[in-house]
Every structure is written in structure tokens, then in C-alpha cells.
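Working notes for the structure below.
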Amino acid sequence: MSTTTRQNTSRKTPRPAATDGMTEVEALRADLEMTRQHLADTVQELSRQLNVPRRIKDSAASAGHRAAQAAGTFGQRAKATAGDVGVRAKTTAGGMGERAKHLPEHAKNLPAKANQAPELGRKHPKATAAVGGAVALGVGAAAWIVGRNR
């Protein structure tokens, strides 16, 4: 394996010959300078490839662009769905008159239902977490929509 490594890291320029009017010491110095330059170029290329902050920044910019595109598509779908829901709500509201009469009675039971929430949370922790996540997602989406429309 060391033979392969040596072949891959060999210099691109040949060694200067001592017969070019240079002494052996001068040839070695020139060879050493070329080796230093090659090493500096290699280190610079490795630094560029391993520049984690720059790569993270590029990756975040790319992810932000993809998220913006997805959000635009989501916004268009949400508008279309909201229109459909509005139409359905209007048609359903006509049949709600009878149910609306009982709302004051149901409102009286709300404090008792609220007192049961902690017990239900302990009884169903995964469901509670899912509901909490959905609420957080809804709040985030609403904030994004409001911020986008400004």
C-alpha cells in the first residue's frame, strides 16, 4: 500500500538535473523548493476540502432554498384546501343550528374537562407529545405565513 501512496503523491514536475549548469547542492535546493511548493498546494487543497464552516454554510443555504420552494408549494396547497374547507363549512353551518342551541350546556362542562387533561397526559404520553408537536408545528406555520405576507 505504501508503494501506491508514493506513486499517487509523486511530483508533477521532474527533478532538475545537475547537468543544467547547476551544482548538486543547487539542484537539491531547487528540488526541495519544488517539493515545498507541491506540499503547500496539497495542504491548501485539503484545507479547502475540509473547510467545515464554509461547507456547512453552503449546505444550509441549499437547504434554505429547498425549504423555501417546499413552503411555496405548501402555501399554494394550503390556500386551495382552505377554499375547499370554507365551502364545506358554509354548507355544514346550515345544519348546525340545532347543535348550537346546546353549546351553553357543553361550555359548563369545560372546566371539568380541563381538570382531566393532566391525568390524560400521564395516561397517554405519546398522544400528548404528538398533540403538542402538532400544536407547535401549527403555530410555527402560522407565524411563517404571517411573516411572509408582511
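Derivation of every value follows stated rules applied to the coordinates shown; laboratory data play no part. In this text, all values refer to a predicted model and were calculated from it rather than measured experimentally. With ideal geometry, Cβ positions are generated from the backbone for all residues, glycine too; neighbour counts draw on all protein chains shown.
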Stretched fully, the stretch from I145 through K126 gains (0.36 nm per residue minus C-alpha distance, one decimal, in nm) 4.0 nm
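Extension gain R48-R77, at 0.36 nm per residue separation less the Cα-Cα distance, in nm? Provide the component values of the computation, followed by the final result.
Details: separation 29, 0.36 × 29 = 10.44 nm, distance 4.16 nm.
So the extension gain works out to 6.3 nm.
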Here Rg/Rh (Cα, Kirkwood) for the stretch 100-150 equals 1.18
Residue-ordered couplings for the stretch 120-125, obtained by feeding phi - 60° into the Karplus form 6.51 cos²θ - 1.76 cosθ + 1.60 and rounding to whole Hz (Gly and Pro as x), are 5, x, 5, 6, 10, x
Highest mean packing first, using Cβ neighbours within 10 angstrom, the peptides 32-40, 112-120 sort as 32-40, 112-120
A chain fully extended from V85 to E33 at 0.36 nm per residue, minus the present Cα-Cα distance, gains in nm 11.2 nm
